[in-house]
1. Can you name the residue in the range 1-30 that is modelled with pLDDT of 95 or more and part of a loop (DSSP other than H, G, I, E, B) and, of all such residues, is surrounded by the most Cβ atoms within 10 Å (Cβ to Cβ)?
2. Evaluate the range 35-42: report whether one residue or more is part of a helix (DSSP H, G or I) and either closer than 28 Å to GLN148 by Cβ or hydroxyl-bearing (Ser, Thr, Tyr) (or both).
3. With out of contact with any Pro (no Cβ under 9 Å at 6 or more places or on another chain), of a type outside the set (Ser, Thr, Tyr) and touching a residue at least 24 places away in the same chain (Cβ under 8 Å) as the only criterion, which of LEU105, LEU33, LEU43 stands out?
4. So which residues in the range 14-35 are of a type outside the set (D, E, K, R) and within 16 Å of the chain's Cα centre (by Cα), if there are any at all?
5. Within the range 96-130, track down each residue that is assigned to a helix (DSSP H, G or I) and touching a strand residue (DSSP E or B) at 6+ places or on another chain (Cβ under 8 Å).
6. So which residues in the range 115-133 are within 19 Å of LEU90 (Cβ to Cβ) and over 17 Å from the mean Cα position of the chain (by Cα), if there are any at all?
7. From the set of residues in the range 141-162 that are part of a loop (DSSP other than H, G, I, E, B) and acidic (Asp, Glu), which is farthest from ALA125 (Cα to Cα)?
8. List the strands (runs of 3 or more DSSP E) that sit entirely inside the range 52-94 and contain at least 3 residues that are in contact (Cβ under 8 Å) with a residue 12 or more places away in the chain and small (Gly, Ala, Ser).
Amino acid sequence: MPSDQNAILRPASQSDVDTVYELIVALAEYEHLRHLVTGTRELLEMALFGPRANAEAVIAEVDSTPVGFALFFHTFSTFLCRPGLWLEDLFVVPEHRRAGIGRLLLSHVAKVAVQRGCARMEWSALNWNEPALQFYAALGAETLSEWQTLRLQGESLRALGG
């Protein structure tokens with residue numbers, strides 16, 4: 001089992017777009033959702049580094065090799081009147097799991113949230129991903145069973161917004 005003692009975290013730079021995209025694809029394959037990855041490297045670059053960048057990413061490396069990432073962005077709570085962070089993706093390649101790298105990534109995003117005065121950090125996990133759910137629960141994450149995630153996309157979004 002690898003150790004996270006050699007792992008370093010660093011903010012993704014514009015030159016890392018291909019790496020982050022490849023890790024997104026690897027995550028999608030793990031989740032059996034590769035067919036849903038329709039975004040491009042160019043769109044990712046605009047989202048992370050364009051004039052209206054609306055997401056951030058951090059990369060975990062072991063011996064200068066990317067082994068994981070976290071991608072997050074700001075949210076806002078009207079009830080609390082404070083910002084929050086949404087963790088969109090957290091992924092560690094299989095051969096580096098159970099070495100503390102996931103915790104290192106999650107801890108980094110939590111630290112960013114605290115430093116920025118965020119009231120909370122939230123994310124979702126697939127209900128079948130028992131290892132991830134157990135990992136999050138062990139860190140004190142609360143499952144919000146009273147909330148349902150809803151989504152408009154594609155034609156439904158265009159119909160309502162158009």
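1. Checked the range 1-30; the qualifying residue surrounded by the most Cβ atoms within 10 Å (Cβ to Cβ) is ALA12.
2. Restricting attention to the range 35-42, the residues satisfying the condition of being part of a helix (DSSP H, G or I) are 35-36, 41-42.
Next, only the ones that are either closer than 28 Å to GLN148 by Cβ or hydroxyl-bearing (Ser, Thr, Tyr) (or both) stay: 35-36.
Yes - at least one qualifying residue is present in the range 35-42.
3. Working: LEU33 fails: touching a residue at least 24 places away in the same chain (Cβ under 8 Å); LEU43 fails: touching a residue at least 24 places away in the same chain (Cβ under 8 Å).
After applying the criteria, what remains is LEU105.
4. VAL17, THR19, VAL20, TYR21, LEU23, ILE24, VAL25, ALA26, LEU27, ALA28, TYR30, LEU33
5. Selection gives HIS96, ILE101, GLY102, LEU104, LEU105, LEU106, HIS108, VAL109, ALA110, VAL112, ALA113.
6. Taking the range 115-133 first, the residues within 19 Å of LEU90 (Cβ to Cβ) are 115-116, 118, 120-133.
Matches in the range 115-133: GLN115, ARG116, TRP128, GLU130.
7. Of the residues in the range 141-162, the ones part of a loop (DSSP other than H, G, I, E, B) are 141-153, 162.
Subsequent filtering for residues that are acidic (Asp, Glu) retains 142, 146.
Working: GLU142: 12, GLU146: 15 Å.
Checking each candidate, the answer is GLU146.
8. Working: elements: 56-62, 65-77, 82-92.
It comes to 65-77.
The values are calculated or read from the model by the stated rules, or taken from the named source; none is laboratory data. For clarity, every value in this text was computed on a predicted model and none was experimentally measured. Note that each Cβ is placed from the backbone with ideal geometry, even for glycine, and that neighbours are counted across all protein chains shown.
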